[in-house]
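A.B. asks: One structure, pasted below without further comment.
The values are calculated or read from the model by the stated rules, or taken from the named source; none is laboratory data. Values in this document were obtained by computation on a predicted structure and should not be read as measured data. As a convention, Cβ positions derive from the backbone with ideal geometry for all residues, glycine included, and neighbour counts pool all protein chains shown. Only protein heavy atoms, including side chains, enter the accessible area calculation; ligands, DNA and RNA are left aside. Shrake-Rupley method; radii C 1.70, N 1.55, O 1.52, S 1.80 Å.
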Amino acid sequence: MFETLSDRLTSVFSSLRAKGRLSDADIDATCREIRIALLEADVALPVVKDFVAHVKERARGVEVSQALNPAQQVVKIVNDELIDILGGETRRLRYAKTPPTVLMLAGLQGSGKTTLAGKLARWLREQGHVPLLVACDLQRPNAVQQLSVMAERAEVAVFAPEPGNGVGDPVEVARRSVEHAKRQQHDVVIIDTAGRLGIDQELMRQAADIRDAVSPDEVLFVVDAMIGQDAVTTAQAFMTGVGFDGVVLTKLDGDARGGAALSVRHVTGRPIMFASTGEKLEDFDAFHPDRMAGRILD
Ligand code: GDP
């Protein structure tokens, strides 16, 4: 993960190792390298600019320290900046005071939404919750079937359209699923919505209608980290069209550059809450900004 970014930053730091203290010229040169490293990692330009400006400011204010050499000081500054840009603290799920908690997933087709629904359900079940997976992706052939398979693998129940469950109308399916969850004592409802290959107004409207019908406690925007900076454009479109509370980054296992991970929080102002790192249901966890920063600087 993030091989080139890690390598680049490591070589930036090693060039500082021989220095006794940092001159302004050293800081400028270092920041130039960091800028290139981030741009090469496909981080969005406004994010790069802010990042470098903060590093520069912090580096200039650094006291000559007995404990840390200049390279270590810069590593620490970059590490702290990475944690900040990735969101600081882990943002945990907010559960409803009165169950069920309703989580709605939104994102493009292929982003890994259905897989994520299964992962999230399994993760919640392991923590003692009784989730219900709801199939509101009625666009893609097989999506309902795929979600049912996920539910089986995650060992949770699924609510799918059928006579009486609002056949063909995702808004109705969503509404009924929440009533069903109350009756059947499910404390978390996970609604999988339709995704298209590109951003599309009808898709946005449908997602917004589902949101209005069930007032989710959290809308989670699911995005494939491998699309790099394009994740930012997609996120902005979903922000305007549907709105969301948190981000789930998928396919981080295949993301060699880190552009999406480093850009999306800064650009949308919404925290990355979960990360998916593979095709198996276990390849999933809460997103920890400090661990991710550590991995980039490893
Ligand atoms: P959806 O169209 O958004 O519902 O996407 P799917 O859940 O069907 O996922 C699309 C493809 O991505 C499938 O082949 C998944 O197995 C794969 N996938 C999903 N999440 C991950 C992940 O975190 N890592 C990898 N490598 N593949 C993933």
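A.B. asks: Taking segment 104-131, which residues are aliphatic (A, V, I, L, M) and either buried (at least 24 other Cβ atoms within 10 Å of the Cβ) or near the ligand (Cβ under 10 Å from one of its atoms) (or both)?
C.D. replies: Those that are aliphatic (A, V, I, L, M) and either buried (at least 24 other Cβ atoms within 10 Å of the Cβ) or near the ligand (Cβ under 10 Å from one of its atoms) (or both): MET104, LEU105, ALA106, LEU108, LEU116, ALA117, LEU120, ALA121.
A.B. asks: Taking segment 251-270 on its own, how many of its residues are over 11 Å from MET292 (Cβ atoms), aliphatic (A, V, I, L, M) and either within 13 Å of the ligand (Cβ to nearest atom) or surrounded by fewer than 22 Cβ atoms within 10 Å (Cβ to Cβ) (or both)?
C.D. replies: Final tally of qualifying residues: 3.
A.B. asks: Just to be sure I understand, how many residues within segment 21-32 are open to solvent by less than 70 Å² (accessible area, probe 1.4 Å) and either in contact with an Asp or Glu (Cβ under 9 Å, 6 or more places away or on another chain) or in a loop (DSSP other than H, G, I, E, B) (or both)?
C.D. replies: The qualifying residues number 2.
A.B. asks: When the residues of segment 271-284 are narrowed to those that are open to solvent by 40 Å² or more (accessible area, probe 1.4 Å) and touching a helix residue (DSSP H, G or I) at 6+ places or on another chain (Cβ under 8 Å), which ends up farthest from ARG94 (Cα to Cα)?
C.D. replies: Once the filter is applied, the top-ranked residue is GLU279.
A.B. asks: What number goes with the only condition from (1) open to solvent by 10 Å² or more (accessible area, probe 1.4 Å); (2) under 27 Å from VAL102 (Cβ atoms); (3) away from the ligand (no atom under 11 Å from the Cβ); (4) in contact with a helix residue (DSSP H, G or I) (Cβ under 6 Å, 6 or more places away or on another chain) that PRO289 does not pass?
C.D. replies: PRO289 satisfies every listed condition except (1).
A.B. asks: Please count how many residues of segment 224-241 are within 16 Å of the ligand (Cβ to nearest atom), in a loop (DSSP other than H, G, I, E, B) and open to solvent by 10 Å² or more (accessible area, probe 1.4 Å).
C.D. replies: Counting residues in segment 224-241 that are within 16 Å of the ligand (Cβ to nearest atom), in a loop (DSSP other than H, G, I, E, B) and open to solvent by 10 Å² or more (accessible area, probe 1.4 Å) gives 0.
A.B. asks: Also, I was wondering about something else. Need the failing condition index for THR101 against (1) within 16 Å of the ligand (Cβ to nearest atom); (2) open to solvent by less than 20 Å² (accessible area, probe 1.4 Å); (3) in contact with a strand residue (DSSP E or B) (Cβ under 7 Å, 6 or more places away or on another chain), just the number.
C.D. replies: So the condition that THR101 fails would be (1).
A.B. asks: Out of all the residues in segment 133-163, which are open to solvent by less than 60 Å² (accessible area, probe 1.4 Å), outside any helix (DSSP H, G or I) and either within 16 Å of the ligand (Cβ to nearest atom) or over 20 Å from GLN109 (Cα atoms) (or both)?
C.D. replies: Those that are open to solvent by less than 60 Å² (accessible area, probe 1.4 Å), outside any helix (DSSP H, G or I) and either within 16 Å of the ligand (Cβ to nearest atom) or over 20 Å from GLN109 (Cα atoms) (or both): LEU133, VAL134, ALA135, CYS136, ASP137, LEU138, VAL156, ALA157, VAL158, PHE159, ALA160.
Conditions (1) under 21 Å from GLN127 (Cα atoms); (2) open to solvent by 20 Å² or more (accessible area, probe 1.4 Å); (3) more than 16 Å from the ligand (Cβ to nearest atom); (4) free of Cβ contacts under 8 Å to residues at least 24 places away in the same chain, marked per residue:
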| residue | (1), (2), (3), (4) |
| --- | --- |
| HIS180 | no, yes, yes, no |
| GLN184 | yes, yes, yes, no |
| VAL189 | yes, no, yes, no |
| ASP192 | yes, no, no, no |
| ARG196 | no, yes, no, no |
| GLU202 | no, yes, yes, yes |
| GLN206 | no, yes, no, no |
| ARG211 | no, yes, yes, no |
| SER215 | no, yes, yes, no |
